[in-house]
Amino acid sequence: MKFSQDLTAGGYTIQGYSEGEIIVALPASKANAENRGRKRMTHSFVITREILVEEWPPEEFDELKVEHFEQVAALEPEVVIFGAGASLRFPRPEVSAIFAERGVGLEIMDSRAACRTYNVLAAEGRRVAAALLIP
């Protein structure tokens with residue numbers, strides 16, 4: 001699926017999603033002729049408007065650890081969107097506790113829906129982080 005709206009001027013956004021990859025639109029300051037303003041992500045990653053963590057350690061849902069989500073919480077978002085891969089799956093309750101203790105909202109959805117939701121919240125100027133598994 002390709003998203004048509006261009007939101008790249010203010011930071012990292014998600015331009016498209018297909019099985020096995022997510023295309024991230026780079027902010028103007030990172031775009032050049034070589035990358036054509038985008039990066040093809042084939043490994044789990046974390047994205048905010050300001051930061052792209054290209055190698056988020058878990059590759060599959062079953063590899064998720066509390067430490068992975070502590071990494072996301074350290075970015076100090078107001079809301080975290082967790083894309084669990086091709087289908088909706090919920091991580092252990094300890095994960096929710098990490099964010100609840102900090103007053104951070106946590107939304108869990110499949111990665112496709114997480115990509116769309118991230119773009120909407122980022123366009124609204126929210127301090128959003130998306131942690132995305134790529135199936």
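The values are calculated or read from the model by the stated rules, or taken from the named source; none is laboratory data. Model, not experiment: these values are computed from the prediction. Don't worry about glycine lacking a Cβ; one is built from the backbone with ideal geometry, like all the others, and counts go over all protein chains shown. Heavy atoms of the whole protein, side chains included, go into the accessibility calculation; ligands, DNA and RNA do not. Shrake-Rupley method; radii C 1.70, N 1.55, O 1.52, S 1.80 Å.
Beta carbons closer than 6 Å, at least 6 apart along the sequence or on distinct chains, pair a first residue in the range 99-124 that is in contact (Cβ under 8 Å) with a residue 60 or more places away in the chain with a second that is small (G, A, S) for S111/G83; S111/G85; Y118/A130. Only one residue in A33, A28 is open to solvent by 60 Å² or more (accessible area, probe 1.4 Å), more than 19 Å from P135 (Cα to Cα), small (G, A, S) and touching a helix residue (DSSP H, G or I) at 6+ places or on another chain (Cβ under 9 Å). Which one? Among A33, A28, only A28 is open to solvent by 60 Å² or more (accessible area, probe 1.4 Å), more than 19 Å from P135 (Cα to Cα), small (G, A, S) and touching a helix residue (DSSP H, G or I) at 6+ places or on another chain (Cβ under 9 Å).
Anything in the range 74-119 that is among the aliphatic types (A, V, I, L, M), in a helix (DSSP H, G or I) and exposed (fewer than 13 other Cβ atoms within 10 Å of the Cβ)? List them, or say none. Selection gives A100 alone. Please count how many residues of the range 9-25 are in contact with a Pro (Cβ under 9 Å, 6 or more places away or on another chain), open to solvent by less than 80 Å² (accessible area, probe 1.4 Å) and within 29 Å of R89 (Cα to Cα). Qualifying residue count for the region: 4.
Reported count of residues in the range 44-75, each being over 16 Å from S111 (Cβ atoms), over 14 Å from the mean Cα position of the chain (by Cα) and not small (G, A, S), is 4.
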